[in-house]
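The values are calculated or read from the model by the stated rules, or taken from the named source; none is laboratory data. Fair warning: this is a prediction, and the values are worked out from it, not measured in the lab. Here the Cβ is made from the backbone with ideal geometry for all residues, glycine too, and neighbour counts use every protein chain on show.
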Amino acid sequence: MKGGQVDARGGIQAGITSFLKEALSKGCFDAVMIPTRVPAGDSFAWILTDNEDLVAGASPLPPVMPVQGARALSSITKKGKAPAKIAAVMRPCEVRAAVELGKLKQVDLANVTLLSMDCPGVLELSTYLSDPTKGDSEFSRLLDKWDAESLRPVCRSCTHFSATASDIHLGLLGAQAERLYVMPLTPEGSRVTDALNISADQELDSWQAKVDEVRQKREEQRRKSEVELKERVEGTEKLLATLSTCIGCRNCMRVCPICYCRQCFFDSDALEGEVAAHLSRAERKGSLRFPLDTLLFHLGRMSHMSLSCVECGTCEDACPMSIPVGQIFSHVARRTQELFKYDPGKNRYEPLPLVTYEQDELHDFEQPYVKTYSGKGAADA
Amino acid sequence: MAESFDPKILYVMCGWCGTGGAETASAYGMYYPENVRIFRVNCTGALSTVHMLRPLLEGADGLVISGCHPGDCHYDDGNFMARRKVALVKTILDSLGLDSDRLWFRYVAHGEARRFVDTAAEFTDHIKSKGPNPLATRSDT
């Protein structure tokens, strides 16, 4: 990977904001979408601004992820191309979700510069809210040490923590003290680095080595946590026990960057039944539990969005019952994505797996025909 | 499993080839098990993943889908899309330790009456040997 360097005196976050401020003042973009600490001090929200002072005071890498950045970007560009150039400063999983939403026509990336940075992960939202000061100091320790124990479970085993489909990637790993790496990944990214006179021709070996090292650790963690998760949720009994506390609030669906439908199928009239239907259903099943269709909702949602799931874990943060939805969904998503060899958010031009096909594929899922079945039920006239 | 187990089987067929196979079977007076309920859709490609999941949670012991052979789809690519969706649903079920073998996908052409009755009988026996679908009778799905 090739790139350049910028100054980061005053810390990583200050380095990123001063880079943005300079780009903004030189007219590389007209506005910046960036997370900022809320006035109350205990959470973060996205702002869209061209005010350099607001950008300077923003938190490009907050310790938590209350709102997935791709959702924020979708709010801005859902109805079409932005008339002015917007720089969206996001974590890698948010960039990937934005790319997926672009394919789903919920984000228009035409006039958007995506800016990502190496992300150590985030803390659990509820833990952070209980003591923001402690959370802040823990996160600055994480930015330095890059260990994983205090992170959310999905972040601990995240392997997409570095350069993705963004236009510019800021490398924190392996950089010298008070420096940041800047990597233009697309012509759009090069436009920005050229305007800022950053020569991006340096081989970033120390960054690459450090990224590989962290990735290796994360992969190991992923294997371990997958075994533990299977132990907890695999099979009818365990899965239903895990989901039994679900209150049907749909928070997981509402905060999910990929779930964009205006009317969710699982909240629609399609699943409403007449009284008699519920009674006969209760009779057939012995009894009926409410809220209804918990498993159908979760399995159905997996079938709708798991191919684009970026494993951001926002669903798990939003679950009031602490069901490990993020871990379950990312476990399933890895398998479904592997099935179609699809890496969400990697390539803007690769079609979504369910809008395309190949003629010669997936033969394992076709039931082979045994010529003239002669089982016990096969008597015919 | 006791002989008394009479599985509920939903056989989803496309309106062009699958049901055509059933028509040909009826023209020849062929027999298929009574517990198989045929459900006609215009094209297997029109089936959503939720159509595949819901019967398995709500009372069916097995679900079998038959559409046109590759290249024969009336709408060109419906059966290829269906194959992708079946693969997706089966993978989801598998990765959570749920039984994906209660969902079958097999091509049946208009003239393949034999193949249709064989599939109905073979799948019925397959589900009989598996026993009742645990999810179908649970109240907490």
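If we keep just the residues of region B:14-43 that are touching a strand residue (DSSP E or B) at 6+ places or on another chain (Cβ under 8 Å), in a loop (DSSP other than H, G, I, E, B) and surrounded by 15 or more Cβ atoms within 10 Å (Cβ to Cβ), which is farthest from the other protein chains (Cβ to nearest Cβ)?
Here the answer is B:G15.
Can you tell me which residue among A:S206, A:S287, A:S190 is hydroxyl-bearing (S, T, Y) and assigned to a loop (DSSP other than H, G, I, E, B)?
A:S287
Under the condition of being buried (at least 24 other Cβ atoms within 10 Å of the Cβ) and at the interface with chain A (Cβ under 7 Å from one of its Cβ atoms), which residue from region B:118-134 is farthest from the chain's Cα centre (by Cα)?
Once the filter is applied, the top-ranked residue is B:D118.
How many of the residues making up region B:94-117 are of a type outside the set (G, A, S), part of a helix (DSSP H, G or I), more than 7 Å from chain A (Cβ to nearest Cβ) and within 16 Å of the chain's Cα centre (by Cα)?
3
Somewhere in region A:285-301, is a residue out of contact with any Lys or Arg (no Cβ under 7 Å at 6 or more places or on another chain), among the hydrophobic types (A, V, I, L, M, F, W, C), crowded, with 18+ Cβ neighbours inside 10 Å and in contact (Cβ under 8 Å) with a residue 12 or more places away in the chain?
Scanning region A:285-301 turns up at least one residue that is out of contact with any Lys or Arg (no Cβ under 7 Å at 6 or more places or on another chain), among the hydrophobic types (A, V, I, L, M, F, W, C), crowded, with 18+ Cβ neighbours inside 10 Å and in contact (Cβ under 8 Å) with a residue 12 or more places away in the chain.
Which is in contact with a Lys or Arg (Cβ under 8 Å, 6 or more places away or on another chain) and on the phi < 0 side of the Ramachandran plot, of A:V55, A:V38, A:V89, A:V67?
A:V55
I'd like to verify a number: residues in region B:45-65 that are at pLDDT 95 or above and touching a Cys at 6+ places or on another chain (Cβ under 8 Å), how many?
0
Looking at A:P39, A:P60, can you tell me which residue is within 21 Å of A:S166 (Cα to Cα) and part of a loop (DSSP other than H, G, I, E, B)?
A:P60
Tell me the residue from A:T314, A:T356 that is surrounded by 13 or more Cβ atoms within 10 Å (Cβ to Cβ), out of contact with any helix residue (DSSP H, G or I) (no Cβ under 8 Å at 6 or more places or on another chain) and polar (S, T, N, Q), please.
None of the other options fit; the residue is A:T356.
I'd like the full set of residues that are over 15 Å from B:K85 (Cα atoms) and of a type in the set (D, E), limited to region A:337-359.
Within region A:337-359, A:D343, A:E350 meet the criteria.
Report the residue count in region A:323-348 for those that are in contact (Cβ under 8 Å) with a residue 60 or more places away in the chain and either farther than 17 Å from A:V233 by Cα or of a type in the set (S, T, Y) (or both).
6
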